[in-house]
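The values are calculated or read from the model by the stated rules, or taken from the named source; none is laboratory data. What you see is a predicted model, and the numbers here were worked out from it, not measured in a lab. Glycine gets a Cβ as well: all are built from the backbone with ideal geometry, and neighbour counts include every protein chain shown. Heads up: the accessible areas ignore ligands, DNA and RNA and are worked out on the full protein's heavy atoms, side chains in. Shrake-Rupley method; radii C 1.70, N 1.55, O 1.52, S 1.80 Å.
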Amino acid sequence: MYKKILLTGISGQVGHALQQAFSERHTLFGELVCLDRNQLDLSDQQAIRDVVQAIKPDLIINPAAYTAVDKAETEPGLAYAINAVAPGVLAEEGAKLGARLIHFSTDYVYAGNKVGLYVEDDATAPLSVYGKSKLAGEEAIRSVGLPHLIFRTSWVYGAYGKNFLNTILRLAKERDQLSIVGDQAGAPTSSHSIADTIVQVLGQWHGDVSGVYHLVNAGFTTWHGFATAIVEEYSHLRSVKGWQPLKVQVENIQAITTAEYPTPAVRPANSCLDCHRLHRDFSVTIPNWRDALIAELKAMPSN
Ligand SMILES: NC(=O)c1ccc[n+]([C@@H]2O[C@H](COP(=O)([O-])OP(=O)(O)OC[C@H]3O[C@@H](n4cnc5c(N)ncnc54)[C@H](OP(=O)(O)O)[C@@H]3O)[C@@H](O)[C@H]2O)c1
């Protein structure tokens, strides 16, 4: 039981899902202090120090991040301030209070050229400024040495927020053909699966273990496979939910290569993360990515 939890990034996908999950389970904590960017700007080190010392949490959860992967290539200073420096400052201030820290990182810390699933001890070699800044954030937390859990997740989406699910649904209503990258593999991971897992972990974590854990929905696909599943599952639920029809048919979603869809930041081809360490150290249930997608769609409002 935590006396006071400080939660950042509540306007983001994971922060929003965590706030929702916590509001349904009051027994885990005495008080939840939720901060958005206006209340705590993570690019301001002094603000972080002042806010943490004023609130005096015994657990800090930091899903806030600079997540504009392509923009980070031309804004490395800001990406590093938020993703690399801020987590270290949160850790330092937390350590002064004897607090613990839960932080989030990414599949983009890997180069993506491994054959098979990545495990947490595999070599990191980020291909992008974003990936490098997130890895530097992990290292900053480790060097402080307070009790911490860092969850590397991937392909985060949900009914709420700017993400692949909402982009595909928008495009599928506007267009009758879609071209989606089919040679990058990974696990789409719903923000609610992440939040539910964190709640499960919190009930079991006594600060005795620290380190990096993979946390993704079970199973793997490609972006093309994910887009196809979104269109299929939406179409199954459409009449029950009263949603508008899609223009695109599944057979008109074409798989293209990464080379055919160039982006400023290079993405790993293989983002498949092995979650055995998480299951070894904590008793958690994490749904398959397709079941999580169906749950996320079912939770979307009818129209
Ligand atoms: N999205 C993915 O596909 C993905 C994949 C792998 C790992 N992750 C990691 O998972 C975690 C959660 O990601 P997410 O998808 O929830 O991200 P998100 O939806 O993009 O939300 C990011 C949050 O960070 C906040 N933020 C950005 N700059 C800030 C600043 N200077 N001060 C304070 N808050 C700031 C944003 O606030 P505003 O709304 O005000 O901008 C927002 O609340 C992050 O650590 C991310 O790196 C994400």
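Highest mobility in the GNM of the chain, judged by mean-square fluctuation with C-alpha springs under 10 Å and restricted to His214, His103, His26, is found for His26. Geometric descriptor of the chain, per residue, is 130 Å³ (volume of the convex hull of the Cα atoms). Stretched out straight at 0.36 nm per residue, the stretch from Lys114 to Lys298 would grow longer than its current Cα-Cα span by 62.7 nm. Cα centroid separation, region 191-258 to region 6-23: 18 Å.
Principal-axis analysis of the Cα atoms of the chain puts helix 289-298 at an angle of about 80° to the longest axis.
Axis of helix 86-97 versus longest Cα principal axis of the chain: the two differ by about 40°, to the nearest ten degrees. Taking only protein heavy atoms and a 1.4 Å probe, the accessible area of region 218-284 is 53% carbon and sulfur. Using Cα pairs under 8 angstrom and six or more residues apart, how large is the relative contact order of region 184-303, in percent? Relative contact order of region 184-303: 49 percent.
Within the chain, DSSP assigns beta bridges of which about 5% are antiparallel (rounded to the nearest 5). Coupling constants for region 216-233 follow from the phi torsions by the Karplus curve (6.51 cos²θ - 1.76 cosθ + 1.60, θ = phi - 60°), and in residue order they are 9, 4, 6, x, 9, 7, 10, 4, 5, x, 5, 4, 4, 5, 4, 5, 5, 5 Hz; glycine and proline get x.
Can you give the relative contact order of the chain as a percent, counting alpha carbon pairs under 8 Å and 6+ residues apart? Walk me through the numbers on the way to the answer.
Numbers: 607 pairs, mean separation 62.5, N = 303.
This gives 21 percent for the chain.
When Tyr160, Tyr234 are compared by accessible area of protein heavy atoms, the largest-first order is Tyr160, Tyr234, using a 1.4 Å probe. Based on the alpha-carbon gyration tensor of region 156-303 and its eigenvalue square roots a ≥ b ≥ c, which shape applies: rounded if a/c is under 1.5, prolate if not and a/b is larger than b/c, or oblate? Taking the square roots of the gyration eigenvalues as a ≥ b ≥ c, region 156-303 is oblate.
Separation of region 35-79 and region 102-159, taken as the distance between their Cα centroids, equals 17 angstrom. When the residues Ile82, Ile102 are ordered by accessible surface, computed with a 1.4 Å probe over the protein chains alone, the sequence from largest down reads Ile82, Ile102. In this view, the solvent-accessible surface of Leu97, computed with a 1.4 Å probe and all protein chains in place, comes to about 60 Å². Given axes a ≥ b ≥ c from the Cα gyration tensor, I'd like to know whether region 146-188 is rounded (a/c under 1.5), prolate (a/b larger than b/c) or oblate. Oblate, since a/c reaches 1.5 and b/c is not below a/b. Please state the shape class of region 232-290: rounded when a/c is under 1.5, otherwise prolate if a/b exceeds b/c and oblate if not, all from the C-alpha gyration tensor. Because a/c hits 1.5 or more and a/b fails to exceed b/c, region 232-290 counts as oblate.
Projecting label points 7 angstrom from Cα along Cα→Cβ for Asp274 and Ala218 puts them 1.7 nm apart.
To the nearest 10 degrees, how steeply does helix 191-202 sit against the main Cα axis of the chain, on a 0 to 90 scale? Around 30 degrees separate the two axes.
The antiparallel fraction among DSSP beta bridges confined to region 108-228 stands at about 25%.
Based on the Stokes-Einstein relation at 25 °C and a viscosity of 0.890 mPa s, and on the Kirkwood radius from alpha carbon pairs, region 1-134 is assigned a translational diffusion coefficient of 156 µm²/s. Evaluated over region 56-163, the count of Lys pairs having alpha-carbon atoms less than 25 Å apart is 9 (only pairs 8 or more residues apart or interchain). Summed over the residues of region 59-122 and divided among them, the accessible surface reaches 36 Å² per residue at a probe radius of 1.4 Å.
Across region 171-244, the relative contact order, built from alpha-carbon pairs under 8 Å that are at least six residues apart, equals 45 percent. Most fluctuating residue of Pro126, Pro147, Pro264 in a GNM of the chain with Cα springs under 10 Å: which is it? Its mean-square fluctuation being the largest, the pick is Pro264.
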